[in-house]
């Protein structure tokens, strides 16, 4: 097994510099860190975790706490995030420690893990506006990175997509096809991303000069069954106020919406158009819908590497890295011109 001294000898660096580079210290520039990591990988270097903690004060472990519902089910994105983050953190020789939360106090599980003094930081998911976890961890000086953000002006590291733009591009596309009666079937109303999508939807409709009656907005839809029930209710109203298009929070919800459209004797997209957000989950491929689904697309797996990178920088004491990216927009067969009256 290679040693720090051997890696340093090949690169002309001291063992101390090699150690700092491998542990992500910000005073070692990025090019040097990458060269050290490349040589370490080639020589088969593996850190001694006990010695590493003594030198750096770090364990090489970070935490992820998953909220579990009362029925013991988790979000369908759970395994995609778990596998992606494990792989991404592994590139930094960092291990992921998973815990579950079924309580009402969002801070309590973090306190319990911190009492064990085994974690260097946390990855936070499912943020809510004014998320209490943020203030608590900042007060304690615990590094973390957020998947998403709780406010437009954040003071912490995060990576996420522009959820207001997700709604805006969907509405712009449908309005361009002549639609005026557009419905939104949104996610859990208390989550920050869903609030952003609702605000983006209302703003986009207003920018085109259209009001949105409350019956055309449904919150808290997370499953196919909930998407189906919401669409059935909206589609059974009198024809002049029936939606001609739906914007859906996910492909899972869109599957229920499309089933409801078919059950009411209507066709996609001849009678009703459907647009959804696509996290690119393996079990729900938008391209396999019939017709194929028009989507805003941001693979959930693609968020894992930036989240890992940003957290490692935060743990090393670097400046907070903040990234807000746009989802791709892919037009397929589920959206078409508004039907003529």
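Quick check on my filter: what residues within segment 106-133 are surrounded by 13 or more Cβ atoms within 10 Å (Cβ to Cβ), in contact (Cβ under 8 Å) with a residue 40 or more places away in the chain and farther than 18 Å from residue 96 by Cβ?
The answer is 127, 128, 131.
Here are the criteria: (1) farther than 19 Å from residue 306 by Cβ; (2) touching a helix residue (DSSP H, G or I) at 6+ places or on another chain (Cβ under 8 Å). Tell me which single one residue 118 does not satisfy.
Of (1) farther than 19 Å from residue 306 by Cβ; (2) touching a helix residue (DSSP H, G or I) at 6+ places or on another chain (Cβ under 8 Å), only one is false for residue 118: (2).
Within segment 4-43, restricting attention to residues that are in a loop (DSSP other than H, G, I, E, B) and at pLDDT 80 or above, which residue is farthest from residue 315 (Cα to Cα)?
Taking the candidates together, the pick is 12.
For residue 329, indicate whether it is crowded, with 17+ Cβ neighbours inside 10 Å, outside any loop (DSSP other than H, G, I, E, B) and in contact with a strand residue (DSSP E or B) (Cβ under 7 Å, 6 or more places away or on another chain).
no
Which members of segment 230-249 meet the condition of being surrounded by fewer than 15 Cβ atoms within 10 Å (Cβ to Cβ) and either touching a helix residue (DSSP H, G or I) at 6+ places or on another chain (Cβ under 9 Å) or touching a residue at least 24 places away in the same chain (Cβ under 8 Å) (or both)?
233, 236, 237, 241, listed by residue number.
Considering each residue of segment 204-218, count those that are surrounded by fewer than 15 Cβ atoms within 10 Å (Cβ to Cβ), assigned to a helix (DSSP H, G or I) and modelled with pLDDT of 95 or more, and give that number.
2
Could you grab me the full set of residues in segment 280-301 that are in contact (Cβ under 8 Å) with a residue 60 or more places away in the chain and crowded, with 24+ Cβ neighbours inside 10 Å?
Residues satisfying the conditions are 294, 296.
Please work out if residue 275 is in contact with a strand residue (DSSP E or B) (Cβ under 6 Å, 6 or more places away or on another chain), assigned by TED's automatic domain parsing to the domain that holds residue 172, closer than 29 Å to residue 83 by Cα and not in a loop (DSSP other than H, G, I, E, B).
yes
Can you pull out the residues in segment 167-186 that are in contact with a helix residue (DSSP H, G or I) (Cβ under 6 Å, 6 or more places away or on another chain) and within 16 Å of residue 298 (Cα to Cα)?
167, 168
Take the conditions within 22 Å of residue 296 (Cα to Cα), within 28 Å of the chain's Cα centre (by Cα) and surrounded by fewer than 20 Cβ atoms within 10 Å (Cβ to Cβ) and apply them to residue 226. Does it pass?
So residue 226 fits the description; yes.
Could you grab me the full set of residues in segment 170-190 that are under 21 Å from the mean Cα position of the chain (by Cα) and crowded, with 19+ Cβ neighbours inside 10 Å?
Listed by number, the residues that qualify are 170, 184, 185, 186, 187.
Please find, within segment 134-152, the residue that is surrounded by the most Cβ atoms within 10 Å (Cβ to Cβ) out of those that are more than 25 Å from residue 300 (Cβ to Cβ) and out of contact with any strand residue (DSSP E or B) (no Cβ under 9 Å at 6 or more places or on another chain).
Per the stated criteria, the residue is 136.
Considering each of 201, 136 in turn, give the residue that is part of a helix (DSSP H, G or I) and either free of Cβ contacts under 8 Å to residues at least 24 places away in the same chain or farther than 20 Å from residue 324 by Cα (or both).
Going through 201, 136 in turn, just one is part of a helix (DSSP H, G or I) and either free of Cβ contacts under 8 Å to residues at least 24 places away in the same chain or farther than 20 Å from residue 324 by Cα (or both): 136.
The values are calculated or read from the model by the stated rules, or taken from the named source; none is laboratory data. Small disclaimer: the values here were computed from a predicted structure and weren't measured. Glycine also receives a Cβ, built like all others from the backbone with ideal geometry; neighbour counts cover every protein chain displayed.
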